[in-house]
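The values are calculated or read from the model by the stated rules, or taken from the named source; none is laboratory data. None of these values were measured; they are calculated from a predicted model. Cβ: placed from backbone, ideal geometry, glycine included. Neighbour counts: every protein chain shown. Accessible surface is based on the protein model in full, side chains and every heavy atom, while ligands, DNA and RNA are left aside. Shrake-Rupley method; radii C 1.70, N 1.55, O 1.52, S 1.80 Å.
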Amino acid sequence: MQPVISVRGLTKTYASGHQALKGIDLDIGRGEILALLGPNGAGKTTLIGAICGIVRPTSGTATVDGHDIVRDYRAARSRIGLVPQELTTDAFETVWATVKFSRGLFGRPPDPAYLEKVLRALSLWDKRDSRIMALSGGMKRRVLIAKALAHEPEILFLDEPTAGVDVELRHDMWNIVRGLRERGTTIILTTHYIEEAEEMADRIGVIHRGELVLVEEKAALMRKLGSKRLTLQLQ
Ligand code: ATP
């Protein structure tokens, strides 16, 4: 299987001297859901940032569909959608204007039918004329996903999509992610919760102090963990 994302020997040392990534090797297959599990400060966001071209690696490479994220940023970037942890959108804009603008940023021709499909899939269609500020927290999270999907990326990164959300929204998020996968999107998400990784992922990678200490098929990992899973404290 040709991986859609390939990471080799990736390290990141911040200006502070902190080594956040210590040589990550990772392949991600087209259409799979990979959950990156790890406690606060493990390096999950740094790894996502480096693959998306936001964090410049100290050494090593990341390629997206064969395009090196540093040397061939534009080609690699256009294949990626990123849903960050924080709300990063204009509070005064409407939902529709937000997704339209995001699509335009990538030079994609307008395609209202595609954007409608995205908003419907996220139960946002009825809110298309609402201003972002007027939406509930859960709806705002959905807007971030719609915004990330507006330019039709093949790969979606979700950085802790359920951090700080209530149980109902967490289950909604799980369903949204599964729905996207059914449409063929490759998904990489980070989480602190093993049950969340178990719910959504095909494979689970565990990051600890900047190292990818294991990557396993979910079923195999769950078999290995057995009853220990219940007592595993990752936070
Ligand atoms: P969380 O679950 O809390 O989001 P994380 O696993 O995503 O954590 P990172 O945000 O990647 O972890 O941080 C990894 C380490 O790098 C942490 O010790 C963090 O303090 C440090 N770090 C992150 N960004 C920077 C930065 N811009 N400058 C210096 N250190 C940083």
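Can you pull out every residue in segment 1-12 that is under 30 Å from ARG183 (Cα atoms), part of a strand (DSSP E or B) and open to solvent by 10 Å² or more (accessible area, probe 1.4 Å)? If the condition is that a residue be under 30 Å from ARG183 (Cα atoms), part of a strand (DSSP E or B) and open to solvent by 10 Å² or more (accessible area, probe 1.4 Å), then PRO3, SER6, ARG8 are the ones that fit. A single member of ALA42, ALA15 is in a loop (DSSP other than H, G, I, E, B), aliphatic (A, V, I, L, M), surrounded by fewer than 22 Cβ atoms within 10 Å (Cβ to Cβ) and within 12 Å of the ligand (Cβ to nearest atom), and it is ALA15. Filtering segment 46-66 for residues that are more than 15 Å from the chain's Cα centre (by Cα), open to solvent by less than 40 Å² (accessible area, probe 1.4 Å) and of a type in the set (Ser, Thr, Tyr) leaves a non-empty set.
Sub-7 Å Cβ pairs linking a first residue in segment 9-27 that is on the phi < 0 side of the Ramachandran plot to a second residue that is more than 9 Å from the ligand (Cβ to nearest atom) and acidic (Asp, Glu), at least 6 apart or interchain, are LYS22/GLU211, ordered by first then second residue.
A search for C-beta distances below 9 Å between a residue of segment 42-71 that is acidic (Asp, Glu) and any residue that is open to solvent by less than 10 Å² (accessible area, probe 1.4 Å) and more than 15 Å from the ligand (Cβ to nearest atom), counting only pairs 6+ apart in sequence or on different chains, returns ASP65/VAL4; ASP65/ILE5; ASP65/ALA76; ASP65/ILE155; ASP68/ALA76. Strands (runs of 3 or more DSSP E) fully within segment 153-228 that include at least 1 residues being surrounded by fewer than 20 Cβ atoms within 10 Å (Cβ to Cβ): 203-208, 211-217. Among the residues making up segment 98-131, those that are surrounded by 14 or more Cβ atoms within 10 Å (Cβ to Cβ) and over 16 Å from LEU149 (Cβ atoms) are SER130, ARG131. Among the residues of segment 123-157, those identified as farther than 19 Å from ASP172 by Cβ and acidic (Asp, Glu) are ASP129, GLU152, GLU154. The residues on offer are GLY184, GLY226, and the sole one that is away from the ligand (no atom under 16 Å from the Cβ) and either of a type in the set (S, T, N, Q) or at pLDDT 85 or above (or both) is GLY184. Against the test of being outside any helix (DSSP H, G or I) and away from the ligand (no atom under 16 Å from the Cβ), the options SER123, SER102 yield a single qualifying residue, SER123. Considering only segment 76-92, I want to know if a residue exists there that is among the aromatic types (Phe, Trp, Tyr) and buried (at least 16 other Cβ atoms within 10 Å of the Cβ). Taking every residue of segment 76-92 in turn, none turns out to be among the aromatic types (Phe, Trp, Tyr) and buried (at least 16 other Cβ atoms within 10 Å of the Cβ). Residue count for segment 18-38 under the criterion of being more than 12 Å from GLY210 (Cβ to Cβ) and either part of a strand (DSSP E or B) or within 9 Å of the ligand (Cβ to nearest atom) (or both): the result is 10.
Here GLY53 meets each of (1) within 16 Å of the ligand (Cβ to nearest atom); (2) out of contact with any Leu (no Cβ under 8 Å at 6 or more places or on another chain); (3) under 27 Å from MET133 (Cα atoms) with one exception, condition (3).
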